[in-house]
Amino acid sequence: MNGSPNREVATLAGGCFWCLDAVFEQLRGVERVAPGYTGGHVPDPSYYQVCDGTTGHAEAVQITFDPKVITYLDLLNVFFSMHDPTTLNRQGHDVGTQYRSAIFHHTLEQKKTAEDEIRNLKESRIWRQGIVTTVQLLDTFYTAEEYHHQYFRKNPDQSYCQIVISPKLAKLREGFLARLK
Ligand code: MHO
């Protein structure tokens with residue numbers, strides 16, 4: 001799926017998909033964000049199967065955007081600011097391969113942009129540890145169950161939202177205010 005002629009689609013995994021869903025839906029130029037599962041070996045897995053860590057899927061978001069308003073590279077910049085790309089199969093307290101840091105490219109152009117960006121980040125030495133983010137061709141993306149969509153909007157008072165997601169949204173406002181809707 002590469003979107004309509006004026007739209008592009010990006011698929012990114014960086015820990016719990018509630019977080020990336022809440023972050024990317026705020027950006028101007030982003031039309032739609034869908035949480036889901038990709039990169040595994042079991043067809044159409046449920047959330048609980050993916051949580052077990054045995055299906056090989058990563059929790060991911062699929063972002064439909066207008067590249068004239070926000071570019072793929074802009075999305076990657078936000079992505080790398082909103083999760084820790086140095087912790088293998090882990091984001092904070094969320095541990096398991098379903099929380100891995102991964103870029104699932106749709107085109108060769110996206111692949112090149114992602115690899116160049118990772119190289120730049122390594123050279124910038126912002127992180128002392130190595131970057132573990134993988135770049136691979138997108139296979140099937142399974143959209144998550146409805147209650148995971150816009151999870152933060154639907155459950156702002158839930159403790160995970162307050163403890164993990166709200167600080168990310170605060171950081172987003174701080175770093176990318178000019179890009180917000
Ligand atoms: N540890 C969190 C992860 C949520 S995420 C959508 C929880 O189980 O609530 O995987």
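The values are calculated or read from the model by the stated rules, or taken from the named source; none is laboratory data. Just so you know, these numbers come straight off a predicted model, no measurement behind them. Here the Cβ positions follow ideal geometry from the backbone for every residue, glycine too, while neighbour counts run over all protein chains shown. The protein model used for the area step is the full one, side chains on, heavy atoms only, and it has no ligands, DNA or RNA in it. Shrake-Rupley method; radii C 1.70, N 1.55, O 1.52, S 1.80 Å.
Residues of region 1-25 being at pLDDT 95 or above, more than 16 Å from the ligand (Cβ to nearest atom) and either surrounded by fewer than 18 Cβ atoms within 10 Å (Cβ to Cβ) or small (G, A, S) (or both), which ones? Don't jump to the end; show me each part of the working.
Going through region 1-25, the residues at pLDDT 95 or above turn out to be 7-25.
If we keep only those that are more than 16 Å from the ligand (Cβ to nearest atom) as well, we get 7-11.
Of everything in region 1-25, those that are at pLDDT 95 or above, more than 16 Å from the ligand (Cβ to nearest atom) and either surrounded by fewer than 18 Cβ atoms within 10 Å (Cβ to Cβ) or small (G, A, S) (or both) turn out to be R7, A10.
Determine which single condition R28 fails, assuming it passes every other condition in (1) closer than 16 Å to H148 by Cα; (2) open to solvent by 40 Å² or more (accessible area, probe 1.4 Å).
Of everything listed in (1) closer than 16 Å to H148 by Cα; (2) open to solvent by 40 Å² or more (accessible area, probe 1.4 Å), R28 misses just condition (1).
Only residues that are farther than 17 Å from H149 by Cβ, among the polar types (S, T, N, Q) and within 13 Å of the ligand (Cβ to nearest atom): list them for region 34-54, please.
Q49
Among the residues in region 33-40, are any of a type outside the set (F, W, Y) and in contact with a helix residue (DSSP H, G or I) (Cβ under 6 Å, 6 or more places away or on another chain)? First the steps, then the outcome.
Filtering region 33-40 down to residues of a type outside the set (F, W, Y) leaves 33-36, 38-40.
Narrowing further to those that are in contact with a helix residue (DSSP H, G or I) (Cβ under 6 Å, 6 or more places away or on another chain): 33, 35.
Taking every residue of region 33-40 in turn, at least one turns out to be of a type outside the set (F, W, Y) and in contact with a helix residue (DSSP H, G or I) (Cβ under 6 Å, 6 or more places away or on another chain).
I need the full set of residues from region 93-118 which are more than 23 Å from P45 (Cβ to Cβ), open to solvent by 30 Å² or more (accessible area, probe 1.4 Å) and either within 15 Å of the chain's Cα centre (by Cα) or free of Cβ contacts under 8 Å to residues at least 40 places away in the same chain (or both), in order please. Full working, then the answer.
Initially, region 93-118 is screened for residues more than 23 Å from P45 (Cβ to Cβ), giving 107-118.
Now narrow it down to the ones that are open to solvent by 30 Å² or more (accessible area, probe 1.4 Å): 107-109, 111-113, 115-116.
Result: L108, E109, K111, K112, E115, D116.
Taking A60 and the conditions (1) open to solvent by 20 Å² or more (accessible area, probe 1.4 Å); (2) under 15 Å from the mean Cα position of the chain (by Cα); (3) under 19 Å from I165 (Cα atoms), which numbered condition does it fall short on, given that it satisfies the others?
So the condition that A60 fails would be (1).
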